[in-house]
Structures are given as structure tokens and as C-alpha cells.
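Inspection log for the structure reproduced underneath, given as C-alpha cells.
The values are calculated or read from the model by the stated rules, or taken from the named source; none is laboratory data. The structure presented is a predicted model; accordingly, all values stated were derived computationally and were not measured. Glycine gets a Cβ as well: all are built from the backbone with ideal geometry, and neighbour counts include every protein chain shown.
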Ligand SMILES: [Zn+2]
Ligand SMILES: [Zn+2]
């Protein structure tokens, strides 16, 4: 059974919509685009496609090896595709939460958060090292359950395509949709570094997972999102954007004096150090809560 690749089909529309948002913003003076930033985002998007083509075989091989051991064989009927899409979105939620809370996965995911701007081009700022950081392992349970490989790749592609349009400040709130779907408002919160907003709204398509698992935070009009990462990297160089956190992590590991700290630098949340010389998001939030209590 042949399924189309949703991401390559949607790519012309991505480019067109970026151009429309950019031109419209210039027209009415609300543009949130910066030339260097947009160029870097487009290069990261292009590089991520190249990485997918050249390294995608890693995940594909693991899935192919695992498929014969699947518990069931769900086949290709359309309800299977719908259920796989929902299950895949849950897998994405788990992946994305790990991507923010485990430095190994953050080293790859930080790329998507490295822009201090928030517009449709930010959606294209994708990692180059996803296959190397073994992100695909989060989708392995779908294969082991019995969803065919083609269906898993197809629904994963749809999920990525869905997430494009939510990277915008041009849409405020969408009424009852906000309850079920991941929306521009919810995802602005996810990209924000305000202590109130840190580590929230990990959803891909459905915001219900964040509501169920306690990671949902609503956007507040009196708290405009400040975009980026808590320690911004201040570079438009695509190579530095792609690899800076991997390099920092391996430097930390090479200077480690104990096995415990090696494990910490790989599996603890970003910012963790044995001597607390840097801040994790938990520490930033605690400091913020304490300062609020005082004032
Ligand atoms: Zn994220
Ligand atoms: Zn995003």
C-alpha cells in the first residue's frame, strides 16, 4: 500500500504561506520577520529534509526489524489510520515532553526553539539530528502494536504538517477549538521563555494530552510571550544552530569527574550541573515563584 508523503506535498504551501504572512505584515506594519532569522529558519528546514533523506534509514531499519514482532496486524482500513493518528499524537506528546526534559533529546530539539521570533518561518526551523538522537524510538510502540509502517509514517507526516500553521501571532483565540486542538495561542506559550509558560503545551495536534497530564498553560494577554530559549545562542549560523547543544553536552561529559555526572549531563533536564552552577527550568520557575511571593 502506497501512502503519499504529507510533508513534501505541503512544502510549496509552507513557502507560499510564509511569503503571504511576511508581505501582509510589511503591508500593515505588524511584520514579525527578520531577514537573517528567516533565512536561518529556511536553511534549517532544508537541512532537516536532507538529514531525513540521508539518515532516515536508521529509524526505517529499526521499524522494519521490529514489524514482524508486532502484537497485531491492524491493516490499512481508514479507521485504523484515524486511530493511528491519535495514538501517534500521544507518542508525539511523550517525545516532545522528553525533548524538553532530557538533555539528550533537547540537544536535537533546541534547534526548533532557537529563534527569538515567532512566525510561520519558525515552523520550518527543524532539527538536523533527529534520527541520530533516536527520536523515532518514541514511535516504535505504534509499530510493535501492529500499525503498518506506511500508516505510522503517514500519520507522523500529517502531524508535522498540522503544526505548521500554529506558528503565528496573526491568529488570536479560536473559541471552542482551543479546548481540543493545539492552536497558535497554545503553541505561542510553548515557545515562550516567561517562567509562567516554561515547560508547557507539548501537544502536536490535540491539546487534550496537556490537559490530561497537567502540562497545560493558557496564554494570558497580560503576559506577552518572550520567544526563544532561556539561554539564547545569538547566532544565525546554521551549523552552530544545529550542533551547539551537542557540542556543549559533549564538553560537559568530557570534563565530568564521575559516572553520575556523565549520566546527569545526558539524561537530566537541560541546565543541570552537579554543582548547580547553571539553572534548569525548574530552578528558574522556583526563583520566579519566590520573587512573586515577596512582592
Ligand atoms: Zn518544543
Ligand atoms: Zn513550534
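Annotation: residue 2 fulfils all but one of (1) within 19 Å of residue 164 (Cβ to Cβ); (2) modelled with pLDDT under 95; the unmet one is (1). Quick one: count up the residues across the stretch 31-41 that are more than 16 Å from the chain's Cα centre (by Cα), in contact (Cβ under 8 Å) with a residue 60 or more places away in the chain and assigned to a helix (DSSP H, G or I). The total comes to 5. Kindly indicate whether any position in the stretch 216-230 is touching a residue at least 12 places away in the same chain (Cβ under 8 Å), more than 16 Å from ligand 1 (Cβ to nearest atom) and surrounded by 19 or more Cβ atoms within 10 Å (Cβ to Cβ). No, the stretch 216-230 has no match at all.
Of the residues making up the stretch 131-148, those that are assigned to a helix (DSSP H, G or I) and surrounded by fewer than 19 Cβ atoms within 10 Å (Cβ to Cβ) number 5. Filtering 206, 236, 243, 250 for residues that are closer than 20 Å to residue 123 by Cβ and away from ligand 2 (no atom under 16 Å from the Cβ) leaves a single hit, 236.
Looking at 260, 292, just one residue is touching a residue at least 12 places away in the same chain (Cβ under 8 Å) and farther than 17 Å from residue 108 by Cα, and that residue is 260. In the stretch 62-120, the qualifying residues are those that are closer than 23 Å to residue 282 by Cβ and outside any helix (DSSP H, G or I), and the one that is farthest from ligand 1 (Cβ to nearest atom) is 116. Out of the stretch 263-281, which residues are part of a helix (DSSP H, G or I), under 25 Å from residue 200 (Cβ atoms) and without any contact (Cβ under 8 Å) to a residue 40 or more places away in the chain? Within the stretch 263-281, just 264 meets the criteria.
Could you list, in sequence order, all residues of the stretch 177-189 that are out of contact with any strand residue (DSSP E or B) (no Cβ under 7 Å at 6 or more places or on another chain) and within 9 Å of residue 166 (Cβ to Cβ)? Hits for the stretch 177-189 are 183, 184, 185, 186, 187, 188.
Among the residues of this structure, residue 170 counts as one that is farther than 20 Å from residue 8 by Cβ, within 16 Å of ligand 2 (Cβ to nearest atom) and either modelled with pLDDT under 95 or surrounded by fewer than 20 Cβ atoms within 10 Å (Cβ to Cβ) (or both).
Working only within the stretch 175-188, note down all residues that are touching a residue at least 24 places away in the same chain (Cβ under 8 Å), surrounded by fewer than 20 Cβ atoms within 10 Å (Cβ to Cβ) and in a helix (DSSP H, G or I). The answer is 178, 179, 180. Selection over the stretch 189-209 of residues that are touching a residue at least 60 places away in the same chain (Cβ under 8 Å) and either within 12 Å of ligand 1 (Cβ to nearest atom) or surrounded by fewer than 22 Cβ atoms within 10 Å (Cβ to Cβ) (or both) gives a count of 9. Of the residues in the stretch 95-109, how many are more than 12 Å from ligand 2 (Cβ to nearest atom) and closer than 16 Å to residue 265 by Cα? Adding up the residues that qualify gives 9. Scanning the stretch 210-243 for residues that are assigned to a helix (DSSP H, G or I) and under 17 Å from the mean Cα position of the chain (by Cα) yields 210, 241, 242, 243. For the stretch 121-130, filtered to residues that are in a helix (DSSP H, G or I) and within 11 Å of ligand 2 (Cβ to nearest atom), the residue that is farthest from residue 63 (Cα to Cα) is 122.
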